[in-house]
Amino acid sequence: MAEQELDDRKMPLLDHLVELRQRLLYSLAAILVLFVGCYFIAGDIYAFLVRPLADITAEAGGERRMIYTALTEAFFTYVKVAFFAAMFLGFPVIATQVWLFMAPGLYKHERRAFLPFLIATPVLFFIGGAFAYYVIFPLAWEFFLSFETGPEAGALPIQLEAKVGEYLTLVMRLIFAFGLCFLLPVACTLLARVGMISSDGMRRHRRYAIVLAFVAAAILTPPDVISQIGLAIPTILLYEISIHAVRLIERQRAREDAAAAAESPAE
């Protein structure tokens, strides 16, 4: 069948290396351009990231500030902000370059099968980051601020004076943790397509998946119950969605095998 033949000629190893270098250069150039652009608005990006904390502290009243204790801390914080933003915005470019490098070596039906995953990956990652920002951050920050104390007789008040560098590290850690966990359905369906997992196996190992979800949440998030549960429960729900997605892949494969078996006597 024509669909079973590769569309492009086989390339020598040297040509593959040249093609890989070209795709890497395109990706690095895109990241560099985005980094320069994001650096000029790094202050605005950081203000957006700190907005959940600012809103909660504004409700409590009083003047608040963020500090840095090293001379270069604020500068390098803005550099990190620009880099993270460039990587986030440049992910579609990197994914496209990876796709363009791999596509010539795939069959036509493989290209059609993997293209939806290429589109779904940045979308799900963005949804995970947005969930962390709009849902988890307000709850977690309010929990942490609940440990502040006011001036009391014979005691000093305990108040938050957040460092800009530490806050950025915490925020980006949570955003990337939630973004990666929301890619679970994509990873499971890809593994199902290559026959490495099955829906029945995922059902049998559900209890272990639940334990691993809480272990991963404990490692990837701060040591507070809100962010840990906030990551573990969506991960478990995504695991259940992945089971149904893998089941759909298995049904589609069964239909394709049945159609191929029906056509084979006539060939």
Put +1 on the Cβ of each Lys and Arg and -1 on the Cβ of each Asp and Glu in region 98-194; which of Gly150, Val194, Ala120 then has its Cα farthest toward the positive end of the dipole? Val194
Please report, in debye to the nearest 20, how large the charge dipole of the chain is about its Cα centre when each Lys and Arg carries +1 at its beta carbon and each Asp and Glu carries -1 there. 480
So what's the net charge close to Leu168: Lys and Arg +1, Asp and Glu -1, counting the other residues with Cβ under 13 Å from its Cβ? +1
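Mean Kyte-Doolittle hydropathy of 1.0 or higher plus an axial Cα length of 20 Å or more: which whole DSSP H helices in the chain meet both?
13-40, 73-102, 164-181, 206-220
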Based only on other Cβ atoms within 10 Å, what is the fewest-to-most ordering of Trp99, Trp141? Trp99, Trp141
Could you work out the relative contact order of region 127-222, using alpha carbon pairs under 8 angstrom and six or more residues apart, expressed as a whole percent? 34
Identified option (computed volume of the Cα convex hull per residue in Å³; candidates [x] 151; [y] 173; [z] 161): [z]
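FYI, it's all coordinate maths here, none of it is from the lab. None of the values given here were measured: they were computed from a predicted structure. We place every Cβ from the backbone using ideal geometry, glycine too, and count neighbours over all the protein chains shown.
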